[in-house]
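Below is one structure; the comments refer to it alone.
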Amino acid sequence: HSNRVMWFQDLFPPNVCPINAKANTFYGIMFDAGSTGTRIHIYTFVQKSPENLPELEGEIFESVKPGLSAYADQPEKGAETVKRLLDMAIDAVPPHLWKKTPVVLKATAGLRLLSEEKAQALLLEVKEVFEESPFLVPENSVSIMDGSYEGILAWITVNFLTGQLSGQNQHTVGTLDLGGASTQITFLPRFEETLKESPGDFLTSFEMFNSTYKLYTHSYLGFGLKAARLATLGALNMEAADGQMFRSSCLPKQLEAEWHFGGVKYRYGGNKEGETGFKPCYLEVLKVVKGKLHQPDEIRGSSFYAFSYYYDRAVDTNLIDYEQGGVLEVRDFERKAKEVCDNMERYNSASPFLCMDLTYITALLKEGFGFRDNTLLQSRPRSFIFPCAADTHKGRVDAIHKTFLIHKNFKGKYQQEKKNKKKQPLQG
Ligand SMILES: O=c1ccn([C@@H]2O[C@H](COP(=O)(O)OP(=O)(O)O)[C@@H](O)[C@H]2O)c(=O)[nH]1
Ligand SMILES: [Ca+2]
């Protein structure tokens, strides 16, 4: 019987996943207010000794859909969804620690896309919910996270947890995050050329674990998967869609339906009489990405870690396994896109957007970022990097997740390079 216990211990050493809370336990509450959903992470840390950094002991996770931006016109209702999640923390954190437990909310692209007024109204209501709670509300606890910070955190998360930031031989891997409303690309440039050729605000340096990292990172607002659907339909940035019908060759011919995003209702459908299938769809999607993104030469040959909707769609189409994840080539997405788009009747049960999504991912990778067909993308489930994380959100990699874990080593604010280069007309 002891053997059976042993293999388990090797996988989950006791210092990584202890079962019982100890005396020096403290908590942190983090909300990830994404464009498609709001998530709460309740972290438990243990400080084993005063000279050591606190270690992450456990995490409780819950999420709700839609995201805050869906309540653009009802900020109080939006804040209600946050309150319901925060009630979980009341149960999870022992009462004597409430006052010491910080609660923070970071919003991403959904709120970035809203008008300043609507976004601020939502943040204000959330702030009120926090202040009415028994928890510690630090200054600036409710805010919109900067896009480059989002990219950097994802990069740190993946590279720190795969052990690439400690020790000598650091083989860091670049990260690709495809969210609902924005998408981020982040990597550590190896060539001087990349540093010279990149727009100044794409380069960020920060110090961590006594090393200085100068990363290439950018967040493209409006290039997340859901935003790209609207862009393809020609409906992005329409305040009121006025019952107008948006049609696309990427959708099943006979389809007519409604879709809510960012508090707006859209009607959409297939090309009843016209063309459908991969070719016309690719041309439609191409208009959304072509010439809109900066293409750093050096990424063509390197491999990346792709997650969020890259992972989701790869799992949906059996390109990779939900539990194990896997390694993909860019052309695998193209192959699947063709298969789905040219046989839309056969994929009836799946999302009507499957063809559009896969085609967009293909175009974004190839024509947007300029990846080669054979560029390797590693897409792993969350549980692969976070073996202790609860099963409830397998298949996710958290960009925001590790702020608490790394905050002691992440010195000061990241700094954006100040190169007085002329800004290129890029969105983000
Ligand atoms: O902790 C998380 C939260 C979200 N996601 C993924 O991110 C995508 C949704 O993007 P989001 O709502 O965060 O949009 P954003 O605001 O980042 O554009 C989905 O694929 C989620 O599975 C994730 O991998 N980890
Ligand atoms: Ca996100």
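Values as computed for the structure displayed
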quantity: Qualifying residue in segment 248-269 (condition: surrounded by 18 or more Cβ atoms within 10 Å (Cβ to Cβ) and in contact with a His (Cβ under 9 Å, 6 or more places away or on another chain)); calculated: yes
quantity: Matching residues, segment 94-110, being farther than 14 Å from Lys127 by Cβ and within 15 Å of ligand 1 (Cβ to nearest atom); calculated: Thr108, Ala109, Gly110
quantity: Every residue from segment 63-102 that is crowded, with 17+ Cβ neighbours inside 10 Å, within 27 Å of Ala181 (Cβ to Cβ) and at pLDDT below 95; calculated: Ser63
quantity: Failed criterion for Val173 (all others in (1) without any contact (Cβ under 8 Å) to a residue 40 or more places away in the chain; (2) within 22 Å of the chain's Cα centre (by Cα) hold); calculated: (1)
quantity: Test result for Asp398, within 16 Å of ligand 1 (Cβ to nearest atom), outside any loop (DSSP other than H, G, I, E, B) and either of a type outside the set (Lys, Arg) or modelled with pLDDT of 95 or more (or both); calculated: no
quantity: Number of positions in segment 199-236 that are within 20 Å of the chain's Cα centre (by Cα), under 18 Å from Gln184 (Cα atoms) and not charged (D, E, K, R); calculated: 17
quantity: Where Tyr43 falls short, out of the listed (1) modelled with pLDDT under 90; (2) farther than 25 Å from Gly151 by Cβ; (3) in a strand (DSSP E or B); calculated: (2)
quantity: Residue list for segment 208-232, filter: within 13 Å of ligand 1 (Cβ to nearest atom), under 30 Å from Ala257 (Cα atoms) and hydroxyl-bearing (Ser, Thr, Tyr); calculated: Tyr220
quantity: Enumerated helices (runs of 4 or more DSSP H) restricted to segment 276-355, each holding at least 2 residues that are over 23 Å from Leu251 (Cβ atoms), in the same structural domain as Phe187 (by TED's automatic domain parsing) and in contact (Cβ under 8 Å) with a residue 40 or more places away in the chain; calculated: 330-341
quantity: Neighbours by Cβ (under 6 Å, 6+ apart or cross-chain): first from segment 139-158, without any contact (Cβ under 8 Å) to a residue 40 or more places away in the chain; second surrounded by 24 or more Cβ atoms within 10 Å (Cβ to Cβ); calculated: Val142/Leu105; Val142/Val126; Ile144/Ala107; Ile144/Leu111
quantity: Conditions (1) of a type in the set (Gly, Ala, Ser); (2) within 16 Å of ligand 1 (Cβ to nearest atom); (3) over 30 Å from Val327 (Cβ atoms); (4) buried (at least 18 other Cβ atoms within 10 Å of the Cβ): number failed by Ser143; calculated: (4)
quantity: Selected residue (only one of Glu125, Glu132 is surrounded by fewer than 21 Cβ atoms within 10 Å (Cβ to Cβ) and either away from ligand 1 (no atom under 13 Å from the Cβ) or more than 26 Å from Gly263 (Cα to Cα) (or both)); calculated: Glu132
quantity: Residue in segment 173-183 that is within 16 Å of ligand 1 (Cβ to nearest atom) and over 24 Å from Tyr309 (Cβ atoms) present; calculated: no
quantity: The lone exception for Ser205 - which of (1) buried (at least 20 other Cβ atoms within 10 Å of the Cβ); (2) touching a residue at least 60 places away in the same chain (Cβ under 8 Å); (3) away from ligand 1 (no atom under 16 Å from the Cβ) it fails; calculated: (1)
quantity: Those residues of segment 33-48 which are buried (at least 23 other Cβ atoms within 10 Å of the Cβ) and within 16 Å of Lys83 (Cβ to Cβ), in sequence order; calculated: Ala33, Thr38, Ile40
quantity: Any chance Leu153 is aliphatic (A, V, I, L, M), under 22 Å from Tyr311 (Cα atoms), within 16 Å of ligand 2 (Cβ to nearest atom) and touching a Ser or Thr at 6+ places or on another chain (Cβ under 6 Å); calculated: no
quantity: Helices (runs of 4 or more DSSP H) fully within segment 99-217 counting 1 or more residues that are closer than 17 Å to Ser303 by Cα; calculated: 147-161, 192-197
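Each row is one residue, and each column tells you yes or no for (1) under 19 Å from Ser143 (Cβ atoms); (2) among the basic types (Lys, Arg); (3) not in a strand (DSSP E or B).
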site: Gly28; (1), (2), (3): yes, no, no
site: Ser35; (1), (2), (3): yes, no, yes
site: Ile60; (1), (2), (3): no, no, no
site: Glu80; (1), (2), (3): no, no, yes
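The values are calculated or read from the model by the stated rules, or taken from the named source; none is laboratory data. Note that this is a predicted model, so its numbers are computed, not measured. All Cβ positions, glycine included, derive from the backbone under ideal geometry; neighbour counts span all protein chains shown.
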